[in-house]
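Colleague: Structure below; questions to follow.
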Amino acid sequence: MTGERRTAVVIGTGLIGASLALALTADGWTVHLQDRTSSHARVAAGLGAGVLDKPEPGVVDLVVVAVPPAAIAAVVRQSLQTFPAATVTDVGSVKAGVLDALWDGDADLGRYVGSHPMAGSQHSGPVTAHADLFDGRTWVVAPHRRSREESVQDVLALVRACRAREVVMDVDDHDAAVARVSHLPHLMSVLMAGHLTAVPTSDLLLAGQGLRDVTRIAGSDPGLWQQILSANATAVLAELRAVSGELAGLIRSLETGTTTGELEEQLARGVDGTRRIPGKHGAAPATYHQVVVEIPDTPGALGRLFAEVGAAGVNVEDIAIEHDQAREIGYLALSVAPEQADDLLATMRAGGWSVGS
Ligand SMILES: NC(=O)c1ccc[n+]([C@@H]2O[C@H](COP(=O)([O-])OP(=O)(O)OC[C@H]3O[C@@H](n4cnc5c(N)ncnc54)[C@H](O)[C@@H]3O)[C@@H](O)[C@H]2O)c1
Ligand SMILES: O=C(O)C(=O)C[C@]1(C(=O)O)C=C[C@@H](O)C=C1
């Protein structure tokens with residue numbers, strides 16, 4: 001944002017609001033924090049996300065509405081009235097309903113441009129907020145027919161201040177896309193985690209990283225997700241129906257005992273699907289090679305390992321840690337470009353580490 005337009009109000013200082021407020025403050029903005037639950041705003045201010053005093057309405061350049069989906073339209077409408085010169089955006093997970101709710105009223109919609117950061121976590125509230133939550137992540141900006149260009153630029157400035165990757169797209173296209181890449185995955189995770197409530201504890205003790213990977217997001221706030229899913233019900237329904245057909249196919253193939261055909265195809269499609277997911281910064285999907293190293297439960301083992309990897313000049317793209325509770329050791333999976341895998345394996349073996357790939 002250019003020098004003179006640097007005062008923001010963030011309404012809703014939970015995980016997303018407090019995180020973006022921290023990023024704006026770090027970028028030099030003056031940020032005023034507001035929340036219906038005053039303790040949330042106080043915690044966010046305590047983290048350094050901004051100040052609690054009310055701004056002079058005329059000096060506010062940008063209002064970011066980061067409240068739950070069902071409350072967004074009313075807070076956007078109120079913000080457009082209260083702050084006469086400000087661009088107003090929201091960060092809600094579904095975009096069309098907010099615009100529909102505001103379209104026929106007397107709100108100055110030219111100053112409203114919705115947006116949606118594609119980053120978050122299963123936690124709510126300001127306590128786990130952090131300034132780099134959006135770093136390198138995609139942030140959709142969704143202008144509409146009546147949006148002013150200057151307001152679109154203001155929202156893009158917010159995205160850049162949060163060091164996110166901007167994607168400008170149509171509201172309805174956005175809602176259809178997030179049904180596929182966020183809302184259906186959430187429901188799949190919920191189904192899997194919910195299924196565990198009937199599994200004996202003695203079985204759950206065997207759980208490895210695979211189960212944790214597919215269930216993490218199921219721990220999110222159910223109230224928030226009820227609002228997200230009902231706001232995007234039509235698009236999510238289409239995805240759910242497609243998956244239920246594929247699930248029926250899997251059941252059929254296991255009932256008939258045929259491991260070729262449907263089962264084989266679904267497993268192969270799964271591999272293809274994982275390869276289609278882009279990397280951070282929207283980079284083209286990469287296929288990395290994983291080298292798995294056994295980490296003894298001794299002080300300094302991880303530090304020594306990373307020092308050796310660094311000294312060998314190997315660029316680690318991703319890491320994952322899994323604990324073996326029975327043996328009190330850990331496994332570190334290091335993802336590297338395929339052409340670096342042999343070097344990494346050789347370095348680890350030379351350092352006396354136990355490795356596999
Ligand atoms: N959690 C995620 O992963 C994620 C990611 C991207 C976008 N979003 C969207 O961001 C928004 C906020 O989600 P969150 O995860 O930060 O939730 P959160 O529960 O952590 O924070 C929401 C905050 O809004 C406050 N609030 C509720 N109603 C209000 C009102 N009328 N006026 C003022 N404050 C109000 C709450 O007290 C709370 O502090 C949602 O619309 C969600 O769809 C969430
Ligand atoms: O990483 C997570 O925990 C998330 O669920 C974040 C996630 C997603 O990627 O689906 C969830 C909902 C939001 O609207 C945007 C991002």
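Colleague: Once the whole set of protein chains is in place, how much accessible area is left on Thr201, using a 1.4 Å probe, in Å² to the nearest 10?
Modeller: Accessible area of Thr201: about 100 Å².
Colleague: If R0 is 25 Å, what FRET efficiency do you get for Ala242 and Asp135 from their C-beta distance, rounded to 0.05?
Modeller: FRET efficiency, Ala242 to Asp135: 0.15.
Colleague: Between Val155, Val91, Val43, find the one with the highest GNM mean-square fluctuation for the chain; connect C-alpha pairs within less than 10 Å.
Modeller: Comparing Val155, Val91, Val43 in the GNM, the peak value goes to Val43.
Colleague: Give the distance, in whole Å, between the Cα centre of the range 86-145 and the Cα centre of the range 195-259.
Modeller: Taking the Cα centre of each part, the range 86-145 and the range 195-259 sit 27 Å apart.
Colleague: Using just the helices of the chain, give the 222 nm mean residue ellipticity in deg cm²/dmol: DSSP H runs with n ≥ 4 each add -39,500 (n - 2.57), and the total is spread over all residues, rounded to 500.
Modeller: -13500 deg cm²/dmol
Colleague: Next question. Only four residue types carry charge here, +1 at the Cβ of Lys and Arg and -1 at the Cβ of Asp and Glu. Report the dipole size of the range 1-87 about the Cα centre in Debye, rounded to the nearest 20.
Modeller: For this selection, approximately 200 debye.
Colleague: Also: In what order, largest first, do Thr37, Thr197 sit by accessible area if the probe radius is 1.4 Å?
Modeller: Sorted descending by solvent-accessible area, the residues read Thr197, Thr37.
Colleague: At 7 Å along Cα-to-Cβ for each site, give me the label-to-label distance between Leu204 and Ser39 in nm.
Modeller: Distance between the two pseudo-spin positions: 2.7 nm.
Colleague: Under a point-charge model restricted to the Cβ atoms of Lys and Arg (+1) and Asp and Glu (-1), what is the dipole moment magnitude of the range 7-169 relative to its Cα centre, in debye to the nearest 20?
Modeller: Values: 13 positive and 16 negative charges, 55 e Å.
Rounded to the nearest 20 debye, it is 260 debye.
Colleague: Okay, next question. Report the one residue of Val293, Gly46, Gly136 whose Cα lies farthest in the direction of the positive end of the charge dipole of the chain (charges on C-beta: Lys and Arg +1, Asp and Glu -1; origin at the Cα centre).
Modeller: It is Gly46.
Colleague: Want the number for Ala268 to Thr256: 0.36 nm per residue separation, take away the alpha-carbon distance, what's left? Kindly include the intermediate steps, with their values, before the conclusion.
Modeller: Working: separation 12, 0.36 × 12 = 4.32 nm, distance 1.93 nm.
Full extension of this stretch gives 2.4 nm more.
Colleague: Could you identify which residue out of Gly125, Gly245, Gly219 has the top mean-square fluctuation in a GNM of the chain using Cα springs shorter than 10 Å?
Modeller: Answer for the Gaussian network model of the chain: Gly245.
Colleague: Convert each backbone phi in the range 136-150 into a coupling constant with the Karplus relation 6.51 cos²θ - 1.76 cosθ + 1.60 (shift: θ = phi - 60°), then list the ³J(HN,Hα) values in order as whole Hz, x for Gly and Pro.
Modeller: x, 8, 6, 9, 7, 10, 10, x, 10, 3, 9, 5, 7, 4, 4
Colleague: So what's the convex hull volume per residue for the Cα atoms of the chain, in Å³?
Modeller: 181 Å³
Colleague: Ok, one more. Jot down the radius of gyration and Dmax of the range 75-136, Cα atoms only, both in angstrom.
Modeller: 13.9, 38
Colleague: Carbon-plus-sulfur fraction of the accessible area of the range 7-169, 1.4 Å probe, in percent?
Modeller: Of the solvent-accessible surface of the range 7-169, carbon and sulfur hold 51 percent.
Colleague: Just Gly14, Gly120, Gly105 to compare: in a GNM of the chain, with alpha carbon springs under 10 Å, which one fluctuates most?
Modeller: Gly105
Colleague: For the range 7-169, what is the relative contact order in percent, using Cα pairs closer than 8 Å and at least 6 residues apart in sequence?
Modeller: Answer for the range 7-169 is 24 percent.
Colleague: May I ask you to derive the relative contact order of the range 175-256, considering only C-alpha pairs under 8 Å and at least 6 residues apart, and to give it as an integer percent?
Modeller: The value is 49 percent.
Colleague: Over the chain, what relative contact order in percent results from Cα pairs under 8 Å that are six or more residues apart? List each step's numbers first, then the result.
Modeller: Values: 585 pairs, mean separation 44.1, N = 357.
So the answer I get is 12 percent.
Colleague: Moving to a separate point now. In square angstrom, what is the accessible area per residue of the chain with a 1.4 angstrom probe?
Modeller: Accessible area per residue: 53 Å².
Colleague: For the range 7-169, what log10 I(q)/I(0) values come out of the Debye formula at q = 0.08, 0.10, 0.11, 0.14 1/Å, with one point per alpha carbon and no solvent?
Modeller: -0.19, -0.30, -0.36, -0.60
Colleague: Label points 7 Å out from Cα along the Cβ direction at His323 and Ala70: separation in nm?
Modeller: Label-label distance for His323 and Ala70, simple model: 3.7 nm.
Colleague: Residue farthest toward the positive end of the dipole of the chain, with Cβ of Lys/Arg at +1 and Asp/Glu at -1: which of Pro338, Ala218, Pro126?
Modeller: My answer, from the dipole projection, is Pro126.
The values are calculated or read from the model by the stated rules, or taken from the named source; none is laboratory data. Note that the coordinates shown come from a computational prediction; the quantities given were computed from them, not determined experimentally. Methodologically, a virtual Cβ is constructed for each residue, glycine included, from the backbone with ideal geometry; neighbour enumeration extends over all protein chains shown. Side chains included, ligands, DNA and RNA excluded: accessible areas come from the protein's heavy atoms. Shrake-Rupley method; radii C 1.70, N 1.55, O 1.52, S 1.80 Å.
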